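The values are calculated or read from the model by the stated rules, or taken from the named source; none is laboratory data. Predicted, not measured: the structure shown is a model, and the values here were computed from it. Here the Cβ positions follow ideal geometry from the backbone for every residue, glycine too, while neighbour counts run over all protein chains shown. Note: accessible area is taken over every heavy atom of the protein model, side chains too, but ligands, DNA and RNA are not part of it. Shrake-Rupley method; radii C 1.70, N 1.55, O 1.52, S 1.80 Å.
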Amino acid sequence: GEHLRICPQGYTCCTSEMEENFANKSRSEFEAMTKEAGRSVQMTLTAQHRSFDSYFQDLLNKSEKALYDAFPSMYGELYTQNMKVFKDLYSELRRYYRGSNINLEEALNEFWTRLLERLFKLMNPQYHITDEYLDCMVKHAEQHKPFGEVPRDLKVKATRAFIAARSYAQGFLVGSDVVKKVSQVSLSHECTRAIMKLMYCPHCRGMSGVKPCNNYCLNVVKGCLANQADLNTEWKYLMDSLIVVADRIDGPYNVDTVIGTIHMRIAEAISNLQENKDSITAKVFQGCGNPKISTKGSSSEDKRRRGKVALEAKSSAQALEMLVLDAKGNLTALKTYWITLPSSLCSKKVMASSAADDKCWNGMTKGSYLPEVMGDGLANQINNPEVEVDITKPDMTIRQQIMQLKIMTNRLGNANIGNDVDFQDASDDMSGSGSGDSCPDDVCGKRLSKSPSTRQPETHAIPKQSGHGINGASSRSSPSAFLLLLLVAFIAAQHLWR
């Protein structure tokens, strides 16, 4: 066996060509093993995303349908002539959930403003109400509270529920995409040799029935998947963060209660306006003056249906509870995926022998394996007896994925306390990436706006319960401002040197 380059030299069944074929075979088989293990995790995460996404979209669809079914008989012209306002609201809510760069608070404020303008004109058809007059009315709206407390209350609750829901849904996609990208990292030359020696060198020694020693297998696989094991800390943080937000979704930010009753809150707001129409109109006239009488004559306002129609929201709380329970179970099971992967591959795929076996393949012959098992991660491979690992050169693809985990965990942390974060429209990201990956590029670090925006790029402020002040808006400083200061300092320094 002097011609052998990988297997121990001695009497052998293998030619050089056979050894090379075995090396290629072992490499492709091991890469297939890791990809298969990764696919199982991907399927779990994408299934959880699909279940929650379907549940959440269904909640929104049912609320919208209930509004379309009940409002014509409840409000007549008040609804039929303002149908687009309601459609636009639900459209904006869906776009926000899917990741569009929308300020949800502004979208809700815009809805109430448009609705108030239209309803005020419909309820006062005998007057000629100009756009300028409507602007004045809107300025006084906060003071008069024509819709009661509904807009403020819905804004607080819906914002928190939507922030939590979309971050939660995106978290599953990011986790799945990280696994996909990491599973595609190819083996190094040193790992190919080590895997070949582990899996097929026994064949060359006429010991095809002898299983590799378990600890020997662990050292080989831990050396070859050292970079992947370094995902463990951030991966665990992501799983924990998803579990925490899941509790919020089924707890304080309950999406079933909030999202499933949007149509009921709108009906409550309109009823408030109708019941207090005279006093609100009088206050508006007092603040903005009396509008001119319309020359067209007063068209009859639809007064037929002022009575309240019982609106119901079919609770799906049990379904949500089961969804969250199932997700938490799967997320808990996946926490240690990266550091248990070597032992999983050795026991299930490589079919290594038991740890106490002294008649197993130890890399040289049939016997016991004496070296100790290395720890997890790149830094612990410095003395790996089976694989030569350069601990000074971490795999950059995996380091990038570690950063994506950090970014997503940070967003979930913000969602947990009710702070908004930017997501670019997922459709734009997918078309731009060209890879068809399940992780939208914006979630993986890109923060691009489709149009100029005057709001803060990093965090959206959430109003406190009082409706005044801002919660968490200044928690981060703007990187662009810092760079601008550096640039100014640099130019000033150059000027001084001259």
Got a sec? Which helices (runs of 4 or more DSSP H) wholly within region 198-259 have at least 3 residues that are more than 30 Å from His3 (Cα to Cα), in contact (Cβ under 8 Å) with a residue 40 or more places away in the chain and in contact with a helix residue (DSSP H, G or I) (Cβ under 8 Å, 6 or more places away or on another chain)?
-> 226-229, 232-249, 255-259
Picking from Arg160, Arg118, Arg95, the residue that is surrounded by fewer than 18 Cβ atoms within 10 Å (Cβ to Cβ) and touching a residue at least 60 places away in the same chain (Cβ under 8 Å) would be Arg95
Just give me the residues in region 316-361 being among the charged types (D, E, K, R) and free of Cβ contacts under 8 Å to residues at least 40 places away in the same chain, in sequence order.
-> Lys348, Asp358
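Residue by residue, here is whether (1) within 16 Å of the chain's Cα centre (by Cα); (2) more than 30 Å from Ala327 (Cβ to Cβ) holds:
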| residue | (1), (2) |
| --- | --- |
| Phe71 | no, yes |
| Glu92 | no, no |
| Leu104 | no, no |
| Glu149 | no, yes |
| Ala165 | yes, no |
| Phe172 | yes, no |
Only one of Leu59, Leu4, Leu67, Leu93 is of a type outside the set (S, T, N, Q), over 30 Å from Thr340 (Cα atoms) and part of a loop (DSSP other than H, G, I, E, B), namely Leu4
Qualifying residue in region 126-134 (condition: more than 15 Å from Lys292 (Cβ to Cβ) and either buried (at least 17 other Cβ atoms within 10 Å of the Cβ) or touching a residue at least 60 places away in the same chain (Cβ under 8 Å) (or both)) = no
Going through region 330-356 one residue at a time, which ones are open to solvent by 50 Å² or more (accessible area, probe 1.4 Å) and under 15 Å from Cys213 (Cβ atoms)?
-> Ser343, Ser347, Met351, Ser354, Ala355, Ala356
Qualifying position, being aliphatic (A, V, I, L, M), part of a helix (DSSP H, G or I) and over 38 Å from the mean Cα position of the chain (by Cα), among Met33, Met18, Met43 | Met18
Quick one: in region 378-398, which of the residues that are surrounded by fewer than 13 Cβ atoms within 10 Å (Cβ to Cβ) and not in a helix (DSSP H, G or I) is farthest from the chain's Cα centre (by Cα)?
-> Asn383
Among (1) out of contact with any Ser or Thr (no Cβ under 7 Å at 6 or more places or on another chain); (2) assigned to a helix (DSSP H, G or I), the one test that Leu173 misses = (1)
Go over the candidates Val210, Val220 one by one and state the one that is farther than 30 Å from Tyr75 by Cα, under 36 Å from the mean Cα position of the chain (by Cα) and either surrounded by 22 or more Cβ atoms within 10 Å (Cβ to Cβ) or among the hydrophobic types (A, V, I, L, M, F, W, C) (or both).
-> Val220
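Residue-wise test of (1) over 25 Å from Ala415 (Cβ atoms); (2) open to solvent by less than 70 Å² (accessible area, probe 1.4 Å); (3) aliphatic (A, V, I, L, M); (4) modelled with pLDDT of 90 or more.
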{"position": "Tyr253", "(1), (2), (3), (4)": "no, yes, no, no"}
{"position": "Ile262", "(1), (2), (3), (4)": "no, yes, yes, yes"}
{"position": "Ala267", "(1), (2), (3), (4)": "yes, yes, yes, yes"}
{"position": "Leu273", "(1), (2), (3), (4)": "yes, yes, yes, yes"}
{"position": "Gly287", "(1), (2), (3), (4)": "yes, yes, no, no"}
{"position": "Asn290", "(1), (2), (3), (4)": "yes, no, no, no"}
{"position": "Ile293", "(1), (2), (3), (4)": "yes, no, yes, no"}
{"position": "Gly307", "(1), (2), (3), (4)": "yes, yes, no, no"}
Does region 223-245 hold any residues that are surrounded by 24 or more Cβ atoms within 10 Å (Cβ to Cβ) and aromatic (Phe, Trp, Tyr), and which are they?
-> Trp235
Specify which of the listed residues (Ser353, Ser368) is out of contact with any Pro (no Cβ under 9 Å at 6 or more places or on another chain), of a type in the set (Ser, Thr, Tyr) and under 30 Å from Cys204 (Cβ atoms).
-> Ser368
Name every residue in region 168-190 that is small (Gly, Ala, Ser) and open to solvent by less than 10 Å² (accessible area, probe 1.4 Å), in order of residue number.
-> Ala169, Gly171, Gly175, Ser176
Just wondering, is there one or more residues in region 315-329 that are in contact with a helix residue (DSSP H, G or I) (Cβ under 7 Å, 6 or more places away or on another chain), modelled with pLDDT of 80 or more, under 30 Å from Gly223 (Cβ atoms) and surrounded by 12 or more Cβ atoms within 10 Å (Cβ to Cβ)?
-> no
Among residues of region 1-26, those that are touching a residue at least 60 places away in the same chain (Cβ under 8 Å), in contact with a His (Cβ under 8 Å, 6 or more places away or on another chain) and open to solvent by 20 Å² or more (accessible area, probe 1.4 Å), counted = 2
Is at least one residue of region 357-375 surrounded by 14 or more Cβ atoms within 10 Å (Cβ to Cβ), within 19 Å of Asn232 (Cβ to Cβ) and either of a type in the set (A, V, I, L, M, F, W, C) or in contact with a strand residue (DSSP E or B) (Cβ under 8 Å, 6 or more places away or on another chain) (or both)?
-> yes
Scan of region 27-36 for residues that are buried (at least 18 other Cβ atoms within 10 Å of the Cβ) and either more than 21 Å from Val178 (Cα to Cα) or modelled with pLDDT of 95 or more (or both), ordered by number = Arg27
